[in-house]
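Since the structure comes first, as structure tokens, the remarks are kept for the end.
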């Protein structure tokens, strides 16, 4: 696999049009369940979203048709670029997913440290300084100064914060 | 003259030491936000919005709007020094600003950019001061049909004026409307489109969408290019500033024209980005040295910067007077109003005089403060850009997560933010515009309410939208805007066939 290969723009355009079209169908389905006709109180809850969904499906059909017609052979992104993007998406997903359990602070420390050490290639000293400094600063600014509570886990409980 | 008295009262509010402090903080944060990739005006304001929940509304809006001005100023710094537009509206500034910097004239380019920004903003604020109360007074007479017509016009303008393909704009916009419809229906109190998911009871919060689409999406786009190190240096001194200021008045026609373009594009929700391009294009065609554009012409910096700021500022006019924001950032500010318990729209001018005029006064002062801050602190802000992306990126991602969480204290929202982020990356790569999507999420409920109330009044006949002169005119304008690209194409075909 060479560095200049990757999914074509056309494929992604078609995929996007289909995805948005599906979203429109979901909106139509949900609206039908809520009722799209007139009730005692006027237009029922699904009335407006139904037409919104129908417009999405219509516009997506046209976008799909255009995407199939126009092919300039452009790449969406190279595999290398997509790997770069995924190297952020996957850890961020883990970070976000772990937040309800271990709290924001610990998750942020691990996330920043991981990012700087493995993606950025920084020395451990720099990495730890930023990874610890940022959550501490966050705690002071948000919880102490502006009184905005952030999610905490067992570690913060142990510290008695 | 009542307005003048109100304005002076507003100045008194804005000049309180606490508010001046917030103004400076806001401007500084805003410039940083504008300089950093992944933190745009809309996204930056959205993240910081929860910090203002406990402040008085007037102070809160002063700080947040100053972040907005700061972001507008900040975009120019990176465009000129590094050829990296920090914000989409400063793309046109790179065309001549970067060549100027390379020719050893960065100070001149920066001074021209900041001063033009200030002129554009000042022009727009004066316009807001004079026009907004009139528009608001006029809009007080609007019924539901007229309200819907205004929304209709706003959204149709997106379709007609945006540079993206019209059907993509429609698809993106309607996704926003569909997302806005999720949850409790405000009229019947019925649940809809939740499919049994309890987290969706209250629907999608547009702040989460903004943080995801603009923040995370932008980071992912930047990541494609990897963690490339980039840097540069800049100094600006008083001599260069004064010398450039002596030159600038010669370009007053360009400035005035750019102000007008900016105000027009800002009030209609086309926004700052197309305004800057349009202004640059027209200046290039009309300028005496137009052939030299793109090679470091100072006029090529003045035109887009003036227009971008005029547009960015005047986007607040419809938000304040009609409750229809002219840009994503204005939409976030409007969301802030709702959170602080204020109802945006014409009644603000009647019920919340202190708030409205405090905000308008702070626009004058904030832009002046902004000009001083950016002129004196350019080296500092340029230094921020030398902090490598490998450190900045995780910090921004964490900040986005904090911002998303603190909107409703919900970790579900943080996950939603990531979904919106990936969606934003894909949409942007496929050339779907994000601004109409966000605006539709913000205004969806209100537009629907106006629509349904009008239909209730007319027993379901769509004729209510053409029932009197006013509403028909607005609707007709909307239809023209909707089919604008088709009309233009037809006209040019007609001309070629005639010739």
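Worth a mention:
- Residues that are under 16 Å from residue B:213 (Cβ atoms), touching a residue at least 40 places away in the same chain (Cβ under 8 Å) and in a helix (DSSP H, G or I) within the stretch B:34-45 comprise B:41, B:42, B:43, B:45, listed in sequence order.
- Residue that is assigned to a helix (DSSP H, G or I), within 10 Å of another protein chain (Cβ to nearest Cβ) and touching a strand residue (DSSP E or B) at 6+ places or on another chain (Cβ under 7 Å), where the choices are B:416, B:456: B:456
- Complete set of residues in the stretch B:467-495 that are surrounded by 13 or more Cβ atoms within 10 Å (Cβ to Cβ) and over 31 Å from the mean Cα position of the chain (by Cα): B:467
- Among the candidates B:178, B:145, B:136, B:112, the residue that is part of a helix (DSSP H, G or I) and at the interface with another protein chain (Cβ under 10 Å from one of its Cβ atoms) is uniquely B:178.
- Restricting A:10, A:33 to those that are modelled with pLDDT under 90, more than 10 Å from chain B (Cβ to nearest Cβ) and part of a helix (DSSP H, G or I) reduces the list to A:10.
- Of all residues in the stretch B:395-413, those satisfying the criterion of being more than 7 Å from every other protein chain (Cβ to nearest Cβ) and touching a helix residue (DSSP H, G or I) at 6+ places or on another chain (Cβ under 8 Å) are B:396, B:399, B:400, B:403, B:404, B:407, B:410, B:412, B:413.
- Residue count for the stretch A:138-149, restricted to those that are in a helix (DSSP H, G or I) and within 10 Å of chain B (Cβ to nearest Cβ): 4
- Any hit, the stretch B:249-269, residues being more than 21 Å from the chain's Cα centre (by Cα), farther than 19 Å from residue B:332 by Cβ, modelled with pLDDT of 85 or more and within 14 Å of chain A (Cβ to nearest Cβ): no
- Residue A:6 touching a strand residue (DSSP E or B) at 6+ places or on another chain (Cβ under 8 Å), under 25 Å from residue B:424 (Cβ atoms) and crowded, with 17+ Cβ neighbours inside 10 Å: yes
- One residue alone among B:27, B:20, B:47 is more than 14 Å from chain A (Cβ to nearest Cβ) and buried (at least 19 other Cβ atoms within 10 Å of the Cβ), and that residue is B:27.
- Residue B:154 being at pLDDT 85 or above and either farther than 18 Å from residue B:375 by Cα or assigned to a helix (DSSP H, G or I) (or both): no
- Filter result (in contact with a helix residue (DSSP H, G or I) (Cβ under 9 Å, 6 or more places away or on another chain) and more than 7 Å from every other protein chain (Cβ to nearest Cβ)) within the stretch B:188-199: B:191, B:194, B:199
- Residue B:163 more than 16 Å from residue B:446 (Cβ to Cβ) and not in a helix (DSSP H, G or I): yes
- Per-region count, the stretch A:20-30, residues farther than 14 Å from residue B:444 by Cβ and facing chain B (nearest Cβ under 7 Å): 3
- Verdict on residue B:473 being facing chain A (nearest Cβ under 9 Å) and in contact with a helix residue (DSSP H, G or I) (Cβ under 9 Å, 6 or more places away or on another chain): no
- Here residue B:426 passes the criteria (1) in contact (Cβ under 8 Å) with a residue 60 or more places away in the chain; (2) over 19 Å from residue B:41 (Cα atoms); (3) within 11 Å of chain A (Cβ to nearest Cβ); (4) within 24 Å of the chain's Cα centre (by Cα) except the one numbered (1).
- Taking the criterion of being buried (at least 24 other Cβ atoms within 10 Å of the Cβ) and part of a loop (DSSP other than H, G, I, E, B), the residues of the stretch B:269-297 that qualify are B:269, B:270, B:271.
- Of the candidates B:133, B:85, the single residue that is without any contact (Cβ under 8 Å) to a residue 60 or more places away in the chain, surrounded by fewer than 24 Cβ atoms within 10 Å (Cβ to Cβ) and under 27 Å from residue B:436 (Cα atoms) is B:85.
- Of the set (1) more than 19 Å from residue B:335 (Cβ to Cβ); (2) at the interface with chain A (Cβ under 9 Å from one of its Cβ atoms), all apply to residue B:392 but (2).
- Some residue of the stretch A:67-79 being outside any strand (DSSP E or B), at the interface with chain B (Cβ under 7 Å from one of its Cβ atoms) and under 23 Å from the mean Cα position of the chain (by Cα): yes
- Residue-level check: of (1) assigned to a helix (DSSP H, G or I); (2) within 10 Å of chain A (Cβ to nearest Cβ), residue B:442 misses just (2).
- Note on the stretch A:40-60: residues that are under 25 Å from the mean Cα position of the chain (by Cα) and more than 7 Å from every other protein chain (Cβ to nearest Cβ) amount to 1.
So that you can scan it fast, the table gives a plain yes or no per residue for (1) at pLDDT 90 or above; (2) outside the structural domain of residue A:149 (by TED's automatic domain parsing); (3) touching a helix residue (DSSP H, G or I) at 6+ places or on another chain (Cβ under 7 Å); (4) more than 23 Å from residue B:222 (Cα to Cα):
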site: A:74; (1), (2), (3), (4): no, yes, yes, no
site: A:86; (1), (2), (3), (4): yes, no, no, no
site: A:98; (1), (2), (3), (4): yes, no, yes, yes
site: A:111; (1), (2), (3), (4): yes, no, yes, no
site: A:120; (1), (2), (3), (4): no, no, yes, no
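- The residues in the stretch A:87-125 that are in a helix (DSSP H, G or I), more than 8 Å from chain B (Cβ to nearest Cβ) and over 24 Å from residue B:405 (Cβ atoms) can be counted, and the count is 4.
The values are calculated or read from the model by the stated rules, or taken from the named source; none is laboratory data. Just so you know, these numbers come straight off a predicted model, no measurement behind them. Quick reminder, even Gly has a Cβ in these numbers, built from the backbone with ideal geometry, and neighbours come from all protein chains shown.
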